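**Student:** Take a look at this one; I'll ask things after.
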Amino acid sequence: MEYGLIGGALGHSYSKLIHEQLCGYTYELCPLPAEADARAFLRARAFKAVNVTIPYKRLALECCDEADPRAAAIGAVNTLVNRGGRLFGYNTDYDGFSYLARAHGVNFSGRTVLVLGTGGTSRTVTAAAKAGGAKEVLYASRAGGPGTLDYSRAVARQEVQVVVNTSPAGMYPEVESCLLDPAAFPQLEAVLDVVYNPFKTELVQRAGELGVTAAGGLEMLVAQAVYAARLFTGQEIPEKCIDPVFRSIWADRANIVLVGMPSSGKTTIGRMLAKALDKRFVDLDAEIERASGQSVPSMFETQGEAGFRRWEQRVTGRFAKESGQVLSCGGGVVKTAANVRALRRNGVVLFIDRPVEKLRVGGSRPLSTDREALERMAAQRGPLYRAAADITVDNSGEPFARAAAAAKEAICAYFGIERP
């Protein structure tokens, strides 16, 4: 192996996509489940350069022949470069995190910072926060301990202004996990989360709902990759490369979530978008039928709407965890707040807005059996669609291909990328 990534589990890493897009070299993912495997890999030194992720950043420091002073002070190495058989260790996470904070205008000067988690990345964040002039850095973990608060005591520290999550909480597949409620901190200014899968953890979503600056870890991941690639290649890769690569990866891996009234065109437009954007198309109602073994009308007859909604929430949560999909949702998916939260973690929600007079009545749609029922439904759900949506596309005309083209253009504008 020339270049790559080592860590305990790498099944959902984006590092290969990022490095190969940045520099064009082959970048391999090398999962090493046991520490003995990692030690043997590092001892063999059969690589030019590697990045190191959880749980081997301390081990990488132990195994290198020479560590950059900052990496040594932090106590963690995430980048190893093999120069003539000698391993040189660096911490590009520091630069990546500093970039993330700058990109979102997070100011540490004079602030009280609460760091969630006590692993290697927490020390990296601490170093960056202190370099930025933080007044105080507090630590929290599940167990607490010397110099560390447990989470019940952490939320009592109402002077906290910046929260940074460095723990795995909220990471795929346990995406609903959230260590504390940011609403507990009345002076809160910003929340940063180093987790990048999902794009918006539960912590980041809750902070955003409060109107607080909030960002996940994908930008940090891309930024540290740029700094690592400089060390890998000796080339001066400019910082201006970070944002376009970040947006490209985000657009490529994000779900496009279509919501709207029954017969508004979600399935037809969704299939067109999936083809145009090279994403997998998923019809959630069809997946509910597959999982339950019943058709949607039959489910309404035998289990009622409440039974159907339970199945809908279960299936929505399963597919919302994944990435790179176009998800066509049932018309009532927005009635359950948990569905909207799940869909927004990895997705951009697109509301297909079609005038009620152009919607079809009846068919396999149990709740729209007549025109009056359809109009009541549209009046009730319209505000929910608009509240959930990141993008709204008008589909009042024919053919649906026009709305699909408009949707594609709006999606590209949302991500800030060129139309593919």
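**Student:** Somewhere in the stretch 91-111, is a residue over 27 Å from the mean Cα position of the chain (by Cα) and farther than 16 Å from Leu231 by Cα?
**Tutor:** Checked against the condition, which is being over 27 Å from the mean Cα position of the chain (by Cα) and farther than 16 Å from Leu231 by Cα, the stretch 91-111 yields at least one hit.
**Student:** It is to be established whether one or more residues within the stretch 271-284 are more than 20 Å from Ala406 (Cα to Cα) and not acidic (Asp, Glu).
**Tutor:** yes
**Student:** Also: In the set Phe47, Phe41, which member is surrounded by 17 or more Cβ atoms within 10 Å (Cβ to Cβ), outside any loop (DSSP other than H, G, I, E, B), among the aromatic types (Phe, Trp, Tyr) and over 20 Å from the mean Cα position of the chain (by Cα)?
**Tutor:** Phe41
**Student:** For the stretch 282-381, which fully contained helices (runs of 4 or more DSSP H) count at least 1 residues that are aromatic (Phe, Trp, Tyr)? I'd like the intermediate steps shown before the answer.
**Tutor:** Working: elements: 284-292, 296-320, 337-346.
Those helices (runs of 4 or more DSSP H) span 296-320.
**Student:** Of the numbered conditions (1) out of contact with any strand residue (DSSP E or B) (no Cβ under 9 Å at 6 or more places or on another chain); (2) crowded, with 19+ Cβ neighbours inside 10 Å; (3) modelled with pLDDT of 95 or more, Met299 satisfies every one except a single condition; which is it?
**Tutor:** (3)
**Student:** Does Ala73 qualify as being of a type outside the set (Phe, Trp, Tyr), part of a loop (DSSP other than H, G, I, E, B), touching a residue at least 40 places away in the same chain (Cβ under 8 Å) and open to solvent by 40 Å² or more (accessible area, probe 1.4 Å)? Lay out the reasoning, then the answer.
**Tutor:** Numbers: of a type outside the set (Phe, Trp, Tyr): yes; part of a loop (DSSP other than H, G, I, E, B): no; touching a residue at least 40 places away in the same chain (Cβ under 8 Å): yes; open to solvent by 40 Å² or more (accessible area, probe 1.4 Å): yes.
So Ala73 fails the test.
**Student:** Applying the selection to the stretch 50-63, what residues are at pLDDT 95 or above, of a type outside the set (D, E, K, R) and open to solvent by 20 Å² or more (accessible area, probe 1.4 Å)?
**Tutor:** Leu61, Cys63
**Student:** Tell me, which strands (runs of 3 or more DSSP E) lie completely within the stretch 116-202 with 1 or more residues that are under 21 Å from the mean Cα position of the chain (by Cα)?
**Tutor:** It comes to 162-165, 190-193.
**Student:** Within the set of pairs 6 or more residues apart or between chains, which connect a residue that is farther than 18 Å from Leu179 by Cα inside the stretch 105-118 to a residue that is open to solvent by 50 Å² or more (accessible area, probe 1.4 Å) and among the hydroxyl-bearing types (Ser, Thr, Tyr) with Cβ atoms less than 8 Å apart?
**Tutor:** Close Cβ pairs satisfying both conditions: Gly105/Thr213; Val106/Thr213.
**Student:** Considering only residues of the stretch 318-364 that are closer than 16 Å to Pro262 by Cα and among the hydroxyl-bearing types (Ser, Thr, Tyr), which is most open to solvent (accessible area, probe 1.4 Å)?
**Tutor:** Checked the stretch 318-364; the qualifying residue most open to solvent (accessible area, probe 1.4 Å) is Ser364.
The values are calculated or read from the model by the stated rules, or taken from the named source; none is laboratory data. Fair warning: this is a prediction, and the values are worked out from it, not measured in the lab. Quick reminder, even Gly has a Cβ in these numbers, built from the backbone with ideal geometry, and neighbours come from all protein chains shown. Areas reflect the complete protein model, heavy atoms only, side chains present, ligands, DNA and RNA absent. Shrake-Rupley method; radii C 1.70, N 1.55, O 1.52, S 1.80 Å.
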